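Since the structure comes first, as structure tokens, the remarks are kept for the end.
The values are calculated or read from the model by the stated rules, or taken from the named source; none is laboratory data. Since we're looking at a predicted model, the values are computed, not measured. Cβ atoms come from the backbone with ideal geometry, glycine included; neighbour counts cover every protein chain shown. Just the protein is used for accessible areas: all its heavy atoms, side chains included, with ligands, DNA and RNA removed. Shrake-Rupley method; radii C 1.70, N 1.55, O 1.52, S 1.80 Å.
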Amino acid sequence: MANGPSFLFERWPRFAARHPWPVIAGAVAALAACAGLFAVARGQYADHFSIPGMESQRAINLLKERFPASAGDRTNVVVRAPDGLNSPDAAARMESLLANLEALPQVLFVTPASREDGSVSEDGTIARIGVQHEKRANDLEQESIDALLDLRAASSTGDFQVEMGGRVINMSEREPPGSTELIGMGAAVVVLLIAFGSVVAMGLPILTALLALGSGFFLVGVGAAFLRMPAFTPQFSAMIGIGVGIDYALLVVTRFREGLGSGLGVEDAIARAAATAGRSVMLAGSTVVVALLGLWAIGIPFVAYTATAAALVVALSVAVSVVVLPAILALAGSRIDRWRIPGLAAPVHESATGSGYRLSRLIQRAPLVPILLTTALLATLAVPVFSMRLGVADAGHNPTSQTSRRAYDLLAEAFGPGFNGAILLAVQIDDPNAVGAVEALPDALRQLGGVARASDAVINDAQTAATVSIVAETAPDSEATADLVHELRRVAPEALAGTGATVYVGGSTASFIDVADKIGSRMPYFLAAVIGLSFVLLMVMFRSLLVPLKAAAMNMLSIGASYGVLVTIFQWGWLGGVFGVQREGPVESFLPMMLFAVLFGLSMDYEVFLVSRIREEYLRTGDNTEAVARGLSVTTRVISAAAAIMTAVFLSFALSSQRIVKEFGIGLATAILIDATLVRLVLVPSVMQILGDANWWLPAWLDRVIPKVSLEQGVERAPAEATG
């Protein structure tokens, strides 16, 4: 075996067990260094991103170069006066509001509301004021944003309601990390107490998870100074970090307790836990990291940045579980089960004839029945996937407690839903003679179906660029709006063909559509790459062709079912009220890909832990039926506990006010729950029973070619092993 793995899983655990305090001191020092770096170099999370190669990005680049006055972000200030905006009191307050908006820092200009440009409702009670900022939201000074929000609060009353929307406001309303993470940690504590029945044993996974999560949070914050990471990056990373950090430590602690229960000394129990569960953790964690980093191949920077942040937290969780946890276990030693909770005492060595054994034997009597029933259930849950629509949720999905949502509703009421996400056409004028054609362009676009209104062309002073604003009849996240964007990209260039002007369809609505289109086109390749990677890793580890094939198929079933649940809740609105979903809408465009990367790796965790124990029993006895029963029996409790922790942690994020965080939480929780129950406890033993000794079949030529890596260290093989 290579020196690296041999050192990490054989010599290092014994060194850490003999010198625990220096190891722990080093870990604490590393955490302190990350905290210090965060204090002096942390960055801000972004709310707008580049999409290289897409038409919406070319529109942004053109405006930055030739029409910078239109390149900054715009805030919609929406005013509602029930008695009418023309009443003396409302008119005076409107005049004062305009003056105060113009005086705000980093405001380029203010566009008053007027009936001529369609920014006053027909009944004269709602108006929209446009505030053009000098820069995009993420580049504005915090003092400028605070002044804008303070003005809204000071100006708004019952008879003169003032609300604000736009990216600047959305950035200010993003939810800070903290509350949902604490709820997730609390749920994990409860499950660990039930699993171990001891305060000390419960505390070890929590401690290691916090160590990894803290370091990851600080380093991700520093990374935000160099990369435009989305605002939800901390929550997403924390969600993954808490789940995998506790999960990985739980597996190692369980094997350590099992070693103590079988009569091993503390150091030997640590060494065995590292050589078995530690290797499983390394394999599962590496799969998650590689799958997440594979999202760089999608070509959308903000997706890659988010995935990299999550991969960093997962890698730190693996490192703490493999490098630091052996030292912590050495300090706990035989006292790991101290401070027991009455009535919750957990065995240190799982029974090989317990409930898991009886369940497996029951399944093995007629394995085809549970396979058919379980597969039918998962396939039914996955049916909605075929109706999945990718997109990006707009401010209409925010809670009504936020001013951005109230502004959205007022604009939709007064001017139609499309007013909340205008489509911006950026026109590049290379020939002065093209100006006339550009000015005539809005008239041609007004004839298109789905266009509620089109503004006149606004041309810069140099007559080298122009903008046209299109308001759709439908909401920004509507499928009809996406169709309109594609139609504009066909019709607008035709209208300007041969004139010396080039048009790009952009704006936030078009950007979101571009993201969905690009991800949709590349998703099949990404899924194939992740599945292929997992297949190869499992084949190498278990010296089998059918085990990795089975794992890939079952993982696809559980992930497909979780996608189906997302569609029913967020897209169809079923049970939406239970989870605080404001209204139906598309599934976030990049969510399926990121969920797939995370879930495939996490399901590998359970797969490796369960199948490695079955493999150990098979190598000892050569009896596949008994190996499956015993392997399931000794892993049922820990897999159930790990899944319960993951599910509780992920579901806690469904309490977030951000729709995308809810989607991640519910999607992850559903997949983990399905994977750890229906898949691991029912499908795996059923299929492995039917396959028999063929589970471990590997062609002799392939066995000679692939690397010799094993999860079973020190396992005595049966004389007649049926492999090869």
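Can you give the Kirkwood hydrodynamic radius of the stretch 69-225 from its Cα pairs, in Å with one decimal?
It works out to 19.1 Å.
Placing unit charges on C-beta atoms (Lys and Arg positive, Asp and Glu negative, everything else neutral), compute the dipole magnitude of the chain about its Cα centre in debye, rounded to 20.
3260
State in Å² the accessible area per residue of the stretch 570-688; use a 1.4 Å probe, count heavy atoms of protein chains only, and round to the nearest integer.
With all protein chains present, the stretch 570-688 gives 21 Å² per residue.
How far, in degrees from 0 to 90, does helix 301-319 lean away from the longest principal axis of the Cα atoms of the chain, to the nearest 10?
That helix lies at roughly 30 degrees to the long axis.
As an exercise, identify the chymotrypsin sites (Phe, Trp or Tyr not before Pro) in the stretch 189-224 lying in DSSP coil whose Cβ has no more than 14 other Cβ atoms within 10 Å.
Sparse-neighbourhood loop chymotrypsin sites (Phe, Trp or Tyr not before Pro): none present.
Given the stretch 476-598, report the % of alpha carbon pairs whose separation exceeds 23 Å.
The answer is 53 percent, as a whole percent.
Using a 10 Å Cβ count of at most 15 others and DSSP loop calls, identify the longest part of the chain lacking such GluC sites (Glu not before Pro).
The reported range is 142-583.
Pop out the ³J(HN,Hα) list for the stretch 694-702 in order, Karplus 6.51 cos²θ - 1.76 cosθ + 1.60 with θ = phi - 60°, rounded to Hz; leave Gly and Pro as x.
Coupling constants for the stretch 694-702: 5, 3, 10, 7, 8, x, 4, 5, 6 Hz.
For the residue pair residue 706 and residue 373, what label-to-label distance in nm results when each label sits 7 Å from Cα along the Cα-to-beta-carbon direction?
3.3
Indicate the gyration tensor shape class of the stretch 357-421 (rounded, prolate or oblate), computed on the Cα atoms with a ≥ b ≥ c the square roots of the eigenvalues: a/c under 1.5 is rounded; otherwise a/b larger than b/c is prolate and the rest oblate.
It is prolate, given that a/c is not under 1.5 and a/b is the larger ratio.
How about the stretch 485-544: which chymotrypsin sites (Phe, Trp or Tyr not before Pro) there lie in a loop by DSSP and see at most 14 other Cβ atoms within 10 Å?
none
Counting pairs on different chains as well as pairs 8 or more places apart, how many Lys pairs in the chain have Cα atoms under 30 Å apart?
Qualifying lysine pairs in the chain: 5.
Taking the Cα atoms of the stretch 564-613, what is the range of coordinates along each of the three principal axes, in descending order and whole Å?
Per principal axis, max minus min of the Cα coordinates gives 45, 22, 15 Å.
Answer with one residue from 60, 532, 687: the one whose Cα lies farthest towards the positive end of the charge dipole of the chain, charges on Cβ with Lys, Arg +1 and Asp, Glu -1.
Towards the positive end, the residue furthest out is 687.
Round to a whole number: what % of the accessible area of the chain belongs to carbon and sulfur, probe 1.4 Å?
That fraction is 61 percent.
Taking the simple approach of a point 7 Å from Cα along Cα-to-Cβ for both residue 447 and residue 491, what is their distance in nm?
0.9
Report the rotationally averaged projected area of the chain based on its alpha-carbon convex hull, in square nanometres.
34.8
Looking at 485, 542, 669, which one has the Cα that reaches farthest to the positive end of the dipole of the chain (charges on Cβ: Lys, Arg +1; Asp, Glu -1)?
Comparing the listed Cα positions along the dipole, 542 ranks first.
Treating the angle as unsigned and between 0 and 90°, give the value, to the nearest 10°, between the Cα long axis of helix 435-445 and the longest Cα principal axis of the chain.
It works out to around 70 degrees.
Can you tell me the 0 to 90 degree angle between the C-alpha axis of helix 368-382 and the longest principal axis of the chain, rounded to 10?
Between the helix axis and the principal axis of the chain, the angle is about 20 degrees.
Taking K and R as +1 and D and E as -1, what net charge do the other residues with C-beta under 14 Å from the C-beta of residue 672 add up to?
Residues near residue 672 contribute -3 overall.
Just the accessible area per residue of the stretch 49-162, please: how many Å² with a 1.4 Å probe?
Accessible area per residue: 47 Å².
Give a residue-ordered list of calculated ³J(HN,Hα) values for the stretch 669-685 (Karplus: 6.51 cos²θ - 1.76 cosθ + 1.60, θ = phi - 60°; whole Hz; x for Gly, Pro).
4, 4, 5, 5, 4, 5, 5, 7, 10, 5, 7, 6, 8, 10, 5, 4, x
Each residue of the stretch 515-527 in order: what ³J(HN,Hα) in whole Hz does its phi give by Karplus 6.51 cos²θ - 1.76 cosθ + 1.60, θ = phi - 60°, with x for Gly and Pro?
Each residue of the stretch 515-527 in turn: 4, 4, 5, 5, 5, x, 6, 9, 4, x, 5, 5, 4 Hz.
For residue 25 and residue 456 in one chain, what is 0.36 nm times their gap in residues minus the Cα-Cα distance, to one decimal in nm?
Roughly 148.5 nm would be gained on extension.
Can you give me the distance in nm between label points at residue 132 and residue 150, each placed 7 Å from the Cα along the Cα-to-Cβ direction?
Reported label-point gap for residue 132 and residue 150 is 2.6 nm.
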